[in-house]
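A.B. asks: Structure incoming, see below.
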Amino acid sequence: MRIAGLVLAAGRSSRMAPRNKLLETVGGEKMVRRVAAVAIASGTQPVIVVTGHEAAAVTGALRGLAVTIVANPDYADGLSTSLCAGLRALPQGIDGALILLGDMPEIETAVLTALVAAFTGESAICVPVRHGRRGNPVLWGSAYFAEMMQLTGDSGAKPLMARHETHLIEVEVATGSIFEDVDAPEDLARLRRSGATS
C-alpha cells in the first residue's frame, strides 16, 4: 500500500511571536527539519511539507531533504487550509496519509512505522495511544480524504474521528512523544532542558 507523509508547517506561531517555532533549534536541528526527517525515515512516500508563514525560511530549513514543498496561501485561515493543501498535492493512488504536525520535534520513527504496520487499507484510521490517551500523528485512509477537504477553521481532522469511531485502530506505543508539541516559549525551554537529542 502507498502511504504518504504530510507535514503541516504553515502556522503563524502566534504564541511564540516574533519567533517562528518551526525554525527553533532542537537537538542541533531546526524543529521542522527533525519532523520531516522522521517522516522520511518511516518510509512514507512522498513526504509533503505544507508551508505558509515565513515559507522561504521554512523551505530553507528543509534544504537537501527528499520532500515536496507545497505553499498554502490561505494559511492564516487556520490548520484546515494546510491539511487541504497537502491532500490536494497527493499523487493518484495513495492509500493513506500520515498527518504530522511540524511542532512535534520529539516524535520518533518507531511510532510512525507502528502506525504504518497497523494500517489495513483505505477505510482505516490508525491513531497512537499511550495509557489510554490518543495522540499524534494519525494515519488516515484515503476513504476520508474528501471529507477532510471539507474541514474549515483552525482545527484538524479530529472531529472526524468521533464520526468514524468504528474504523479507528488504536496503536499502543511506548513513548509520550505523541503528546509533546511546542506552542509557547515555556514548551521549548522544557524540551531543551530535557536534553532532546533523539
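The values are calculated or read from the model by the stated rules, or taken from the named source; none is laboratory data. All values derive from a computational prediction rather than experimental measurement. We place every Cβ from the backbone using ideal geometry, glycine too, and count neighbours over all the protein chains shown.
A.B. asks: Of all residues in the stretch 126-137, count the ones that are surrounded by fewer than 23 Cβ atoms within 10 Å (Cβ to Cβ) and either in contact (Cβ under 8 Å) with a residue 12 or more places away in the chain or of a type in the set (V, I, T) (or both).
C.D. replies: 7
A.B. asks: Which one of V70, V111 is in a helix (DSSP H, G or I) and either surrounded by fewer than 20 Cβ atoms within 10 Å (Cβ to Cβ) or touching a helix residue (DSSP H, G or I) at 6+ places or on another chain (Cβ under 9 Å) (or both)?
C.D. replies: The match here is V111.
A.B. asks: Continuing with this model, one more query. Mind telling me which of the residues R34, R19 ends up being among the basic types (K, R), closer than 17 Å to D183 by Cβ and either assigned to a strand (DSSP E or B) or under 15 Å from the mean Cα position of the chain (by Cα) (or both)?
C.D. replies: Matching residue, one of R34, R19: R34.
A.B. asks: Right, here's the next one. Six or more apart or on different chains, Cβ atoms under 9 Å: show the pairs whose first residue is in the stretch 77-100 and under 13 Å from G5 (Cα atoms) and whose second is among the basic types (K, R) and surrounded by fewer than 20 Cβ atoms within 10 Å (Cβ to Cβ).
C.D. replies: Close Cβ pairs satisfying both conditions: P91/R2; I94/R2; D95/R2; G96/R2.
A.B. asks: Now for a separate question. Return the residues of the stretch 138-157 that are outside any helix (DSSP H, G or I), over 17 Å from M1 (Cβ atoms) and in contact (Cβ under 8 Å) with a residue 60 or more places away in the chain; say none if nothing qualifies.
C.D. replies: M149, L151, T152, G153, D154, S155, G156, A157
A.B. asks: Check S42, S80 and return the single one that is modelled with pLDDT under 95 and of a type outside the set (V, I, T).
C.D. replies: S80
A.B. asks: Hey, another quick one. Which one of L160, L112 is touching a residue at least 60 places away in the same chain (Cβ under 8 Å) and closer than 18 Å to L6 by Cβ?
C.D. replies: Residue meeting the stated conditions: L112.
A.B. asks: Moving to a separate point now. Could you grab me the full set of residues in the stretch 90-108 that are of a type outside the set (V, I, T) and either assigned to a loop (DSSP other than H, G, I, E, B) or surrounded by fewer than 16 Cβ atoms within 10 Å (Cβ to Cβ) (or both)?
C.D. replies: Scanning the stretch 90-108 gives L90, P91, Q92, G93, D95, G102, D103, M104, P105, E106, E108.
A.B. asks: Would the stretch 57-80 turn up any residue that is under 24 Å from R190 (Cα atoms) and of a type in the set (A, V, I, L, M, F, W, C)?
C.D. replies: The answer is yes; a qualifying residue exists.
A.B. asks: Output the number of the condition that I69 fails; it satisfies all remaining conditions of (1) under 22 Å from Y144 (Cβ atoms); (2) modelled with pLDDT of 95 or more.
C.D. replies: It fails just one condition, (1).
A.B. asks: I've got another one for you. Are there any pairs, at least 6 apart or on different chains, whose C-beta atoms fall under 6 Å, with the first in the stretch 55-68 and farther than 9 Å from R33 by Cα and the second in a loop (DSSP other than H, G, I, E, B), and if so, which?
C.D. replies: T68/P46
A.B. asks: Return the residues of the stretch 144-168 that are β-branched (V, I, T) and surrounded by 10 or more Cβ atoms within 10 Å (Cβ to Cβ); say none if nothing qualifies.
C.D. replies: Taking the stretch 144-168 and keeping what is β-branched (V, I, T), we get 152, 166.
Within the stretch 144-168, just T152 meets the criteria.
A.B. asks: Among the residues of the stretch 37-58, which ones are over 16 Å from the mean Cα position of the chain (by Cα) and either assigned to a strand (DSSP E or B) or surrounded by fewer than 17 Cβ atoms within 10 Å (Cβ to Cβ) (or both)?
C.D. replies: Once the filter is applied, which keeps residues that are over 16 Å from the mean Cα position of the chain (by Cα) and either assigned to a strand (DSSP E or B) or surrounded by fewer than 17 Cβ atoms within 10 Å (Cβ to Cβ) (or both), the stretch 37-58 yields E54, A56, A57.
A.B. asks: Testing D183 on (1) in contact with a Lys or Arg (Cβ under 6 Å, 6 or more places away or on another chain); (2) outside any loop (DSSP other than H, G, I, E, B), one condition comes back false. Which one is that?
C.D. replies: Unmet for D183, out of (1) in contact with a Lys or Arg (Cβ under 6 Å, 6 or more places away or on another chain); (2) outside any loop (DSSP other than H, G, I, E, B): (2).
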